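Participant: Pasting a structure below so you can have a look.
The values are calculated or read from the model by the stated rules, or taken from the named source; none is laboratory data. In this text, all values refer to a predicted model and were calculated from it rather than measured experimentally. Quick reminder, even Gly has a Cβ in these numbers, built from the backbone with ideal geometry, and neighbours come from all protein chains shown. Accessible surface is based on the protein model in full, side chains and every heavy atom, while ligands, DNA and RNA are left aside. Shrake-Rupley method; radii C 1.70, N 1.55, O 1.52, S 1.80 Å.
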Amino acid sequence: MAERVHPHDSPPLAPALDETFSDSSETALKPAPTYSEKPVPQPGTYVIHIPKDQVYRVPPPENARRYKNLAGRGNRRPPCCLCLCWFLALTAIFLVLVAVAAGIFYLVVKPESPNYSVNAIAIRGLNLTTATSSSSILTVSPELDVTVRADNPNDKIGIHYQKDSSVEIYYTDVKLCNGALPAFYQPSNNVTVFRTALKGTRIELSSRVKSSLVEAQTRGNVPLELKIRAPVKIKVGSVKTWTITVKVDCDLTVDKLTANAKIVSNECDYGVDLW
């Protein structure tokens, strides 16, 4: 039989328990040591070897978007090029609209050029026999009355002749006299005949010009040139245009340089300066 063990025979446990509790308490109260998640490298120099085949590769996926944005900036056009493109586009559109408007105007109005001619001319003050020597310079003060016929054949266009016009008569390169047209309005489908007085003051004719005039008058064929510059405004319905300049150049030939001179030939050209 086994021996019976009485409680008092067992060794006392209290002190051991107290020591154990004391040791565990001290262990629980001690702070746990802290460790960083990533180790801090020690200072120094590092050499990284990258394979050569990876140096010239396309950027990695995480940098692909940045590379694309940076590469796209070089293909963008500068602002000045965009402004120039817009300007050229707007100019082209404006010219197309002007051409369309001009075409519509031509089809609706059907404009025709006015016709000009010289009906009569009276010359005074050109006495070529007053010089005593063929080598002397002849000074004259001619006066000419010129009758001009203006024909407006348009059905829907009227012409306002403004002030500040000029009328000049030349023999070769010598201006004999000058004057101006009267200011008036010429309606559509109208023929207006007006007379203008031209004067020259102390015009010097060289011996060559005088001899040429005498010879031409002897033949009954004296060529003269008439130049008309008239500022006008075109009226279509109730709308008036800006001021444009009508240019008329007439080549005249008269039989003599007197008050009863007759026109042998008369040919006029017509032009316009829009600005």
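Participant: How do the peptides 168-180, 186-198 rank, highest first, by the average count of neighbouring beta carbon atoms within 10 Å per residue?
Facilitator: Numbers: 168-180: 16.8, 186-198: 14.7.
Going by the mean number of other Cβ atoms within 10 Å, highest first, we get 168-180, 186-198.
Participant: Could you compute the FRET efficiency for F105 and D273, with r as their C-beta to C-beta distance and R0 at 22 Å, rounded to 0.05?
Facilitator: Working: r = 19 Å, r/R0 = 0.86.
Computed FRET efficiency for F105 and D273: 0.70.
Participant: Next up: Testing the spin-label approximation: label points 7 Å from Cα along Cα→Cβ at N260 and N221. State their distance in nm.
Facilitator: Reported label-point gap for N260 and N221 is 2.4 nm.
Participant: Between beta-carbons, use under 13 Å as the cut-off and find the net charge around K110, counting Lys and Arg +1, Asp and Glu -1. Write out the running numbers ahead of the final one.
Facilitator: Values: positive: K156; negative: E112, D155.
Residues near K110 contribute -1 overall.
Participant: Between the alpha-carbon centers of segment 249-275 and segment 136-193, tell me the distance in whole angstrom.
Facilitator: Centre-to-centre (Cα) distance: 10 Å.
Participant: When the Kirkwood radius is taken over all Cα pairs of segment 150-275, what Stokes-Einstein diffusion coefficient follows at 37 °C and 0.692 mPa s, in µm²/s?
Facilitator: On the way: Rh = 16.3 Å.
The diffusion coefficient I find is 201 µm²/s.
Participant: Still on this structure: Per-residue accessible area for D255 at 1.4 Å probe radius, Å² rounded to 10?
Facilitator: Accessible area of D255: about 40 Å².
Participant: Moving on to the next point. Arranged from highest to lowest average of other beta-carbon atoms within 10 Å per residue, in what order do the peptides 224-233, 118-127 appear?
Facilitator: Details: 224-233: 19.3, 118-127: 17.6.
Listed from highest to lowest mean packing, they are 224-233, 118-127.
Participant: Taking amide H positions as placed 1.01 Å from N in the peptide plane, with prolines and chain starts having none, which residues 5 or more places from C177, or on another chain, fall under 5 Å of its amide H?
Facilitator: I169
Participant: Mind checking the per residue accessible area of segment 177-275 for me, 1.4 Å probe, whole number of Å²?
Facilitator: On the way: 5610 Å² over 99 residues.
I get 57 Å² per residue for this part.
Participant: Using R₀ = 30 Å, calculate the FRET efficiency as 1/(1 + (r/R₀)^6) where r is the Cβ-Cβ separation of T243 and W86; round to 0.05. Don't skip to the answer; put the middle values down first.
Facilitator: Working: r = 33 Å, r/R0 = 1.10.
Using R0 = 30 Å, I get an efficiency of 0.35.
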